[in-house]
Amino acid sequence: MSHTSLPHDALGSLERGIEILMCLTGPPLDMARIRKLTGLPRTTAYRLLAILRDGGLIRSTDGGYELGGHLAALMATYQSRMRGHRRDVLPHVLSLYESTRQTVNVGVPQGLAVRYTERIYGHNRTASRSDGVDTAPLHCTAIGKVLLAFDPGLQRDMLGSGPLPQLARRTITRRAVLERELALIRNEGVAYAQEEFDEGLMCAAAPVFGPGGECRMAIGVASPVRGTPLSRLGPAVALAARQASDTLGQHLKAPPGE
């Protein structure tokens, strides 16, 4: 059944459920915080949370609600995808860390979120709500924006999934603004996020392409806002991603046995 052929009520519930899942890509949230982020009425929020919990997509904790076991299984799928390319990508990730001494991440899409498959933490790092869960929303992270910019289907699903949650003061929540930024990322090859997911944190990211020109993953580097300037992080991450793309492309195009 296509997205547009779903009954109106079912489509509305699906979109609201996705909004809740997007909010829970960070630390556990209580009901009040979930309702504030999504704008859902109390009865609707309780009903959707119960459905998501019964389906294993979320679970209850002392702090409220967090993502559940079924999404962890999806995480394993994407981690296995990354493991097949580790020998090609990881040396460039390490070089990026050595040149910046900042936190370096590798991310792939997981539904409408980013799943971080590799993370190397910098010495002066700023704590992030993605710590420990290794997921984050697409629309307010540099890696997420790269994945959106170079995957038209993912971008269409994201922009059609409901309101964009505001997780920090500078989070982009207007679709038109985000679409303009994604077009700029496609043109320049680098994405930036400045205190859009976490206060005090900025990051730059760039795509890693396969031999067919498809975006396989994105590499990002994050710094405290008073750390390494974005004018240095952007070129550094673009170089690492370009070198990773070259290595990945050479190995994927090589005949079996070479």
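The values are calculated or read from the model by the stated rules, or taken from the named source; none is laboratory data. Predicted model, so just to flag it, every value in this text is computed and none were measured. Cβ sites come from the backbone with ideal geometry, for glycine too, and all protein chains shown count toward neighbours. Side chains are part of the model used for accessible areas, which takes the heavy atoms of the whole protein and leaves out ligands, DNA and RNA. Shrake-Rupley method; radii C 1.70, N 1.55, O 1.52, S 1.80 Å.
Seen from a random direction on average, the alpha-carbon convex hull of the range 93-182 projects onto 6.3 square nanometres.
Mind checking the angle between helix 42-54 and the chain's longest principal axis? C-alpha axes, 0 to 90 degrees, to the nearest 10. The two axes meet at around 60 degrees.
A simple spin-label model places the labels of L90 and S13 4.4 nm from each other, with each point 7 Å out along Cα-to-Cβ.
Comparing the range 104-151 with the 2.2 N^0.38 Å rule of thumb, its C-alpha radius of gyration ratio is 1.11 (two decimals).
For the range 158-258, the alpha carbon convex hull comes to 123 Å³ per residue, rounded to a whole number.
Please report, as a whole percent, how much of the solvent-accessible surface of the chain comes from carbon and sulfur atoms (probe radius 1.4 Å). Carbon plus sulfur share of accessible area: 52 percent. Once C-alpha pairs closer than 8 Å and six or more residues apart are averaged by separation and normalised to the residue number of the chain, the relative contact order reads 18 percent. Under 10 Å, Cα contacts only: if you run a Gaussian network model on the chain, which one of G64, G234, G210 comes out with the highest mean-square fluctuation? It is G64. Stretching H123 away from R53 to a fully extended chain increases their span by 21.5 nm, per 0.36 nm per residue minus the current alpha-carbon distance. Summing charges over neighbours of G227, with a neighbour being any other residue whose Cβ is under 12 Å away from its Cβ, gives +4 when K and R count +1 and D and E count -1.
Scan the range 172-244 for trypsin sites (Lys or Arg not before Pro) in coil per DSSP, keeping those whose Cβ has at most 13 other Cβ atoms within 10 Å, and list them by number. Qualifying residues, ordered by number: R174, R226. Rounded to the nearest 10 degrees, the angle from helix 69-83 to the longest Cα principal axis of the chain is 10 degrees.
For the chain, what is the calculated [θ] at 222 nm in deg cm²/dmol (nearest 500), taking -39500 (n - 2.57) for each run of four or more DSSP H residues and dividing by its residue count?
-15000 deg cm²/dmol
Scaled against the 2.2 N^0.38 Å expected of a compact globular protein of N residues, the Cα radius of gyration of the range 202-252 reads 1.24. When the Gaussian network model of the chain links Cα atoms closer than 10 Å, the mean-square fluctuations of I18, I51, I185 top out at I51. Subtracting the Cα-Cα distance of S60 and T171 from 0.36 nm times their residue separation leaves 37.3 nm of extension gain.
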